[in-house]
Amino acid sequence: MRLLPDQDQLAYAETVRRLLTDAAPPQAARAWAAGDHGPGRALWRSLAGTGLPALAVPEECGGLGWYPAELAAAFVEIGRAGAPGPLVETVAVAAALPGTSAWSEGLLTGDRLVTVTDPAAPGYAVDAHAADAAFVLTHGTGPSRARGDGASRPQSRAPAGVNPPALFAAASHGAPLPSVDPTRHLVRCAPGEAVPGDTGRLRALATLLTAAQLLGAGQALLAGSVEYAGARRQFGRAIGSFQAVKHQLADAAVALEFAAPLLRGAALAVRGDAAADPRDLPAAKAACTRAAHRAARTALRVHGAVGYTDEYDLTLLLRKVHALQTAWGAEAACRAAVLAGSLLPG
């Protein structure tokens, strides 16, 4: 099983990184937090122009196929840039809906943003007030089994009194709740009509891409901390020359470096490779969460008080990491899933 990205994946990730660099995501994130969703939507349309959402949709449904590894590589860059909006949820819903679904219109071109409730916060969807459509994903109470494509599906005949996971269009939603991340709000959604969709694939892909975002944000925080430690001077020396600072930066770098191959292994598990273990997905989410948290904590220690200022771009990433730690599987739930041998956190 290959845990290193191939040349095509590296080239695509580089394309996404250049696009995001030119688009100035911090400005789009601040506008999104202020209620102006135009720059964020324009950024998503540019990303969709690279074929990003189409990488989650089969060719017969108008997409490019099923490429979780390429999607994960792209979302590492999205996390590194701190791009706003329910991008993970939009791609996951696009992957779950059948090609004939009327809800799929505009998803591959980037003209529509959709969101879906997170099992980690039942009944609440990210930025439902800013999306074109919202969906409610019920957790279900029935057992599930692994599929060949790496997702999981409820058994075809559920026992009496057992409800399988299901997807519904949101009939209504409430007001956005305050959040530690001003670009990411949870909104209460009420279920309406049932929508056919592969709920296992939706959850697996959302978990994978959230882990990728965390890894990218952690990498950006570490890079910013290393740069700051080389420029900030105390007692006539760069603070990066002090042993205590070096150790903290090194520990964060090791955590991120060890999480990266786990993320690629998780992408293979979601894709359904025979050599992959379903536990790779929750293991990757747990590792990326822990690594990003360590990088965020180190960044605050290295930057000091400046790391708390809203004007500093670092703050956008710090807050995003804090919010994403529990999204689509908190660390404790992911560890429990690993012990249980499950693909998805409970």
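The values are calculated or read from the model by the stated rules, or taken from the named source; none is laboratory data. Computed from a prediction, not measured in an experiment: that's the story for all the values here. Backbone-built Cβ (ideal geometry, glycine too); neighbour counts: all protein chains shown.
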Completion exercise
For residue 220, the lone unmet condition from (1) of a type outside the set (Ser, Thr, Tyr); (2) in contact (Cβ under 8 Å) with a residue 40 or more places away in the chain; (3) outside any helix (DSSP H, G or I) is (3)
Handout entry: Selected residue (criterion: farthest from residue 63 (Cα to Cα)) from residues of the range 86-117 that are of a type outside the set (A, V, I, L, M, F, W, C), in contact with a Phe, Trp or Tyr (Cβ under 8 Å, 6 or more places away or on another chain) and surrounded by 23 or more Cβ atoms within 10 Å (Cβ to Cβ)
Key = 117
Practice task
Would you point out which residue out of 214, 249 is of a type in the set (A, V, I, L, M) and either surrounded by 24 or more Cβ atoms within 10 Å (Cβ to Cβ) or outside any helix (DSSP H, G or I) (or both)?
Solution key: 214
Practice task
Determine whether the range 71-83 contains at least one residue that is surrounded by fewer than 24 Cβ atoms within 10 Å (Cβ to Cβ) and either in a loop (DSSP other than H, G, I, E, B) or in contact with a Ser or Thr (Cβ under 7 Å, 6 or more places away or on another chain) (or both).
Solution key: no
Exercise for the section: Would you mind telling me which numbered condition in (1) surrounded by 23 or more Cβ atoms within 10 Å (Cβ to Cβ); (2) in contact with a Gly (Cβ under 8 Å, 6 or more places away or on another chain) residue 188 fails? Expected result: (1)
Handout entry: The lone exception for residue 73 - which of (1) out of contact with any strand residue (DSSP E or B) (no Cβ under 9 Å at 6 or more places or on another chain); (2) modelled with pLDDT under 90 it fails
Key = (2)
Handout entry: Positions within the range 181-211 being in a helix (DSSP H, G or I) and of a type in the set (Ser, Thr, Tyr), in sequence order
Key = 199, 207, 210
Completion exercise
Taking the range 51-66 and keeping only residues that are part of a loop (DSSP other than H, G, I, E, B) and either under 11 Å from residue 109 (Cβ atoms) or at pLDDT 95 or above (or both), one is left with 51, 52, 62
Completion exercise
Within the range 281-306, of all residues that are over 13 Å from residue 248 (Cα atoms) and at pLDDT below 95, the one surrounded by the fewest Cβ atoms within 10 Å (Cβ to Cβ) is 305
Handout entry: Cβ pairs under 6 Å, 6+ apart, first in the range 186-203 and within 25 Å of residue 342 (Cβ to Cβ), second in a helix (DSSP H, G or I)
Key = 197/96; 198/96; 201/95; 201/96; 202/92; 202/96
Practice task
Check residue 50 against each of (1) surrounded by fewer than 24 Cβ atoms within 10 Å (Cβ to Cβ); (2) in contact (Cβ under 8 Å) with a residue 40 or more places away in the chain; (3) touching a helix residue (DSSP H, G or I) at 6+ places or on another chain (Cβ under 7 Å); (4) of a type outside the set (A, V, I, L, M) and name the one condition it does not meet.
Solution key: (2)
